[in-house]
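Colleague: Could you have a look at this structure, given as structure tokens, before my questions?
The values are calculated or read from the model by the stated rules, or taken from the named source; none is laboratory data. Because the structure is predicted, anything quoted here is derived from the model rather than measured. Because the Cβ atoms are built from the backbone with ideal geometry, glycine has one as well, and the counts that use them run over all protein chains shown.
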């Protein structure tokens, strides 16, 4: 093949690869002053669940699969559902969630989101306030509430017209229930995943059972505070009314890397069960 044809083919392949990469990843965020106004677009605040962590082929965030802002053609995220309704928001999906984030990080994430001027914002936070250590290290309920309030206050001050969706914490205890008899899940959890709940997962010792019950209760308390914080924010905030928490996760909805985070199918289900909480689209 003549050299000029080889060069042309290589250039064409490079363009195709670039197009595929852009189609599968998170769309680039427009800068200040660009079309991302408070009237359109969506931003995600929260932890690793909203980053799509572990939903690709590696144990890292995978924002294209995020239930909230993902643009993967393989799932119907909130962004893609909104895009179907309003093509003008194309490219206006902003993910400020961070793996390992606790409620204390919410105000900082909210500040970042204000620069994007999104019309809608999802908040899913609290799992790491339970899971970052032993039971004694769980964030006190009062502290959790004050940190959530602080984050919402930033949004209210900077983006008063934006619509908020506060999502309940998924049922972590349910994950233990369906996974503690699975050898692969037990091995993964032994690496230190959510020790407050998943340490000694096969044990029936009263102390271990009491520890799991304490986690279950704390998640319930956090969800009550999320609902109350959203109600206090006002009419532009919607709580999912426990939809995410009621989702009956099974092991085929979680990543086989850590048997904890939602996989692609899990992200899709999370998007599905929380979508209706927005109410009317327009």
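Colleague: Taking the condition touching a residue at least 24 places away in the same chain (Cβ under 8 Å), more than 17 Å from residue 54 (Cβ to Cβ) and in contact with a strand residue (DSSP E or B) (Cβ under 6 Å, 6 or more places away or on another chain), does residue 227 pass?
Modeller: Criteria met by residue 227.
Colleague: Something else now. Hand me the list of helices (runs of 4 or more DSSP H) wholly inside region 176-282 holding 3 or more residues that are surrounded by fewer than 16 Cβ atoms within 10 Å (Cβ to Cβ) and at pLDDT 95 or above.
Modeller: 183-189, 206-233
Colleague: If we scan region 92-111, do we find a residue that is touching a strand residue (DSSP E or B) at 6+ places or on another chain (Cβ under 9 Å), crowded, with 22+ Cβ neighbours inside 10 Å and over 23 Å from residue 170 (Cβ atoms)?
Modeller: yes
Colleague: A further question on this structure: Which pairs do you get when a residue that is without any contact (Cβ under 8 Å) to a residue 40 or more places away in the chain and on the phi < 0 side of the Ramachandran plot, found in region 258-275, comes within reach of a residue that is outside any helix (DSSP H, G or I) and crowded, with 22+ Cβ neighbours inside 10 Å, reach meaning Cβ atoms under 8 angstrom, with the pair 6+ apart or on two chains?
Modeller: So the pair list comes out as 269/262; 273/240.
Colleague: So, one more: Against the definition (surrounded by fewer than 21 Cβ atoms within 10 Å (Cβ to Cβ) and part of a loop (DSSP other than H, G, I, E, B)), how does residue 143 come out, yes or no?
Modeller: no
Colleague: Another question about this same structure. Taking the criterion of being in contact (Cβ under 8 Å) with a residue 24 or more places away in the chain, farther than 21 Å from residue 197 by Cβ and part of a helix (DSSP H, G or I), would at least one residue in region 158-172 satisfy it?
Modeller: Checking region 158-172: at least one residue is in contact (Cβ under 8 Å) with a residue 24 or more places away in the chain, farther than 21 Å from residue 197 by Cβ and part of a helix (DSSP H, G or I).
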